[in-house]
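Only one structure is covered here, and it is reproduced in the block below.
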Amino acid sequence: MKSRLYVHLANHMAAMPTTFYPPASPRRPGFFERLGIGWRLTKVSLGVLRQEKSLVVLPFLSFLITAAAWGVFFASLFLVAPPFDGFNAWLWYVGLFLLYVFTYFISTYFTAAVIGIAKIRLEGGDPTLKDGFRIASENLGRIFGWALLSATVGMILRAIAERFGFLGRIIAGITGVAWGVATYLVVPVLIFEKLGPWASVKRSGSLIRQTWGEAAGAYFTLTAVFFLLGSAGLLFLVIGVVAGGVLGLLMGLLAAIMYWLILGFVGAATQGILVTALYRYATTGQVAPGFPPEVFGARF
């Protein structure tokens, strides 16, 4: 009797429909969690920078060269050929385009050197500045092509902003941010995958789509972190005003400018390290040593 009852119950339970509950989708982190994740990534990148302090030299050299070029351009512009109507107006735009190309070329060259050094360090090597210059110099043609493309995009956005007023500035600003996100990984693609400029843009966009959470979080949060750190420079101005007099204000302004420059060099080097780690993760699925795996797995 008992055995028949057990058989009946077993058959009845087997006939019952099975309810499947889909796995809960991972919770998207909120704004402050994203900021915390970005801060952790920034701290790890700063830790790598402490091991490779010489990386700060590269953004500094890039700044010196580009600042000198812009200084020469404006000095010659106002002393030799002021931008009046007609022919001089064309000279102004041609000169500005060439300056854009030169600026993007120098910036990309030194960024490539930073990324080359960072990649060697993240893979356990012991790089030198010479390694960075070697990697950048091996890709001069691709870097120049990217500079031409970037300068063209920059001039188009500038023309939109100038021609359409306030609305144009909004459009140019939004487009510029979108372009910055889409090309966030373009430099490592250029130098490591040996692709041309436009192919590198498409490849960068593809990698961004694969790791949207990590890349978007890194792009916006790193900017936010260094913006907040940069805001601390205003304290120098406050101290100068409290000290009193024109001299106090000038000294505070000078201190603030020096602080912002140093912070900018550190930020540029840190971003190069972070871009390298993101590129390595996007192409190999491997998390660079020192970077928390759970952070890269977080989707934004």
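Values in this text are rule-based calculations from the coordinates and carry no lab data. Given the structure is predicted, the values throughout are model-derived calculations rather than measurements. Here the Cβ positions follow ideal geometry from the backbone for every residue, glycine too, while neighbour counts run over all protein chains shown.
Under the simplified labelling scheme, the Arg209-Tyr93 pair shows an inter-label distance of 3.5 nm, with each label point 7 Å from Cα along Cα→Cβ.
Only alpha carbons enter this Debye calculation for segment 56-192, each as an equal point scatterer, and the log10 of I(q)/I(0) it gives at q = 0.10, 0.12, 0.14, 0.15 Å⁻¹ is -0.42, -0.59, -0.77, -0.85. Note: segment 139-270, Cα convex hull, 148 Å³ per residue.
Distance between the 7 Å Cα→Cβ label points at Ile156 and Leu61: 3.3 nm.
Taking a ≥ b ≥ c as the square roots of the Cα gyration tensor eigenvalues, with a/c under 1.5 meaning rounded and otherwise prolate when a/b beats b/c, else oblate, which class fits segment 145-192?
On the way: a/c = 6.68, a/b = 2.05, b/c = 3.26.
Taking the square roots of the gyration eigenvalues as a ≥ b ≥ c, segment 145-192 is oblate.
For segment 116-125, the Karplus equation 6.51 cos²θ - 1.76 cosθ + 1.60, evaluated at θ = phi - 60°, returns couplings of x, 5, 4, 5, 4, 5, 5, 8, x, x Hz by residue, with Gly and Pro reported as x.
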